[in-house]
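The next block holds one structure in the form of structure tokens; read it before the comments.
Read-outs throughout are calculated quantities, based only on the coordinates presented, and are distinct from any laboratory measurement. Model, not experiment: these values are computed from the prediction. Note that we place each Cβ from the backbone using ideal geometry, even for glycine, and neighbour counts take in every protein chain shown.
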Amino acid sequence: MRKINLLVILVISIVSFGCAAKVHTPLNQEARENISSCDIYIFLQQQEIYAEIDKSKVSMATGGGLIAALIDSAVDHSRAKKAEASIMPIKNSLVDFDFGNTLKKEIQNSVKSVTWLNVGQINLEGMLTEENSDRCFVNASASAILLVQPSYYFSSDFKSFKIASSVHLLPKSESLQKYKTESDERPADLENAIYKNVLTYQEEVVKEGEKEENLQYWTEDKSIQVKTALSDGIKELARMIAIDINRTDLPDQSSKGEKIELQGIEGNVISRDNPFVIIQLDNGAMFSIKAPDNPSVAQIAD
Amino acid sequence: MNKKFYIIGALLFLLMLCGCSSDPVYISKSSLDITDDGQNGQETSEVGKCQLFITITDERPDKKSLGELQRPVYAEDMTDWLSEAFKKLRSDGYQVVFNNGLEAIGGQALTMDVKLKKAYIKSVSASKITNVVFGIRYFRNDNMLKDKVYRGIDERINWASSENEINSAFNHAFTKALLAIRSDLKELCKIPEEKAISKKKNEDELFCCIHKFKVRL
């Protein structure tokens, strides 16, 4: 019996390992030399900011069943309604904030420093669907296209604000096709990316409290903190895009750098531009964290 | 017995297929079914003289997308859709005219500059949340009377992400936004009457003074 249990655990571990998606594919130096130009497409996944919800886990705790699933569904629905009500003042204060165009302008500025990328058009698009990405791929005149999919949101307790984006560089010209690590028949499929990563900006409330106190921090004075966080986050995301695509060194090579833990994120310091610290995690994902003279910055000894 | 099982199985399978459909949903003005939450006869007669001259602009960066509910949701022309929604104000007794390059009907018409800012549906766990947001500026004789943002929200459990559910969610959200607009219109339509009354009162007082002055002379 014990053997069977061990076997089951082993099989689950193998399956889980197999399913773990690779977050970071750095751009190969040789591929980089073959990129003559690049068009950028920003796919906006949302029209407004949102707050995450903690999902009910009754089904998981009880081993499933219809009743448990119904309870989960009812609890989640109630939490979704509450989250929507909580974030409403923030949403209303941001009605005229143009996330897409602000990000477009910042990316335009940041990629100027990456001269070899030779960025041509930067386009704003709606949601990333097969139809949309296929159309963009066909219309692009550059040798590679960079797809950016940002999303911006609060944690369920409003402790942290995040702007997270996956970025994928797809090869269009014939000379870049050989650098694909995986391949899909659809040229615009993200599997074909020759570079990819997940870039996240994170900012936390200055003094952590209960949900209502955290919310008050963001909403006071006509949501000035949210507006500043959005503006900072967009700039940092654009900066990370330029930094990360320009790096040809692998994460294991960068691990020789300074290690820190900041707001629960542990990794190697890539850049410090007070109050922002850019960290690369062991899996290659990149975080920019706002930490103004934060004493909680823990230096991790090697 | 077996036959019954097969039929139930087939039905369940079809239901699952229906629920799992990832085909895009296109909503059109023909699917518009905003509850005509009109007002009673007395109020209708009060607003009857109020003429609304409405201009609708879609300010959304992506004018086609209405978000995603396990499948993309699109609408070809939301201004057309919104025109139909605002026509519902006629059932309250308002005289509704849309801007087709025409001038406002008379100087007392209430001009509504409607800007659609957001319209989307999204799934949050087992729920679907729909938001529609308008900014409306109200003018009379080129004077701005009010500038306000209206939001209609609908929150429901998502059963199958079906076309009917999506249409219904947008209809409910629009109905809620329209309810708040109706409430403001009642107040704004009263203004010219009050002004007209005070103007008449001033004229009467002036006539009275002139009359008294003439009598003294």
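Farthest toward the positive end of the dipole of the range A:26-145, out of A:GLN47, A:ILE145, A:ASN132, is the Cα of A:GLN47, where the dipole comes from beta carbon charges about the Cα centre. Plainly put, the range B:24-190 has a radius of gyration that is 0.99 times its Kirkwood radius, both from alpha-carbon atoms, as the Rg/Rh ratio.
What do you get for Rg/Rh over the range A:37-101 if you use C-alpha atoms and the Kirkwood form of Rh?
1.20
Local charge for A:LEU124 was computed over the other residues whose Cβ lies under 9 Å away, with Lys and Arg +1 and Asp and Glu -1, and equals -1.
Of the residues A:SER78, A:GLN121, A:TYR217, the one whose Cα sits farthest toward the positive end of the charge dipole of the range A:70-229, with +1 on the Cβ of Lys and Arg and -1 on the Cβ of Asp and Glu, is A:GLN121. Measuring r between the beta carbons of A:GLU208 and B:LYS49 and using R0 = 45 Å, the FRET efficiency lands at 0.20. With 21 Å as the limit, the listed pairs B:LYS117/B:LYS176; A:LYS104/A:LYS162; B:LYS64/B:LYS128; B:LYS63/B:LYS118; A:LYS105/A:LYS227; B:LYS146/B:LYS176 all fall inside it between alpha carbons. Each principal axis of the Cα atoms in the range B:48-143 has its own extent, and those three values, largest first, are 50, 26, 22 angstrom.
The residues neighbouring B:LYS63, those whose beta-carbon lies less than 14 Å from its own, together hold a net charge of -2 under the Lys/Arg +1, Asp/Glu -1 convention. Would you list which aspartates and glutamates come within 13 Å of A:LYS57, measuring only between C-alpha atoms, while excluding same-chain residues fewer than 8 positions from it? By straight Cα distance, A:LYS57 reaches A:ASP72, A:ASP76. For the range B:66-98, the residues whose backbone nitrogen is under 16 Å from a point 7 Å from the Cα of A:GLU131, taken along Cα to Cβ, are B:66-78. Averaged over peptide A:120-131, the number of partner chain Cβ atoms lying within 10 Å of each residue's Cβ comes to 3. Take every Cα-Cα pair in the range A:98-233 and report what % of them are more than 21 Å apart. Counting every Cα pair in the range A:98-233, those more than 21 Å apart make up 52 percent.
What percentage of all Cα-Cα pairs in chain A are separated by more than 35 Å?
Working: 12889 of 45451 pairs.
Counting pairs separated by more than 35 Å, the tail of P(r) holds 28 percent.
Positive contributions from Lys and Arg (+1) and negative ones from Asp and Glu (-1), summed over other residues with Cβ under 15 Å from the Cβ of A:SER223, come out at -3. Eigenvalues of the alpha-carbon gyration tensor of the range A:85-178, scaled by 5 and square-rooted, set the equivalent ellipsoid semi-axes at 31, 15, 13 angstrom, largest first.
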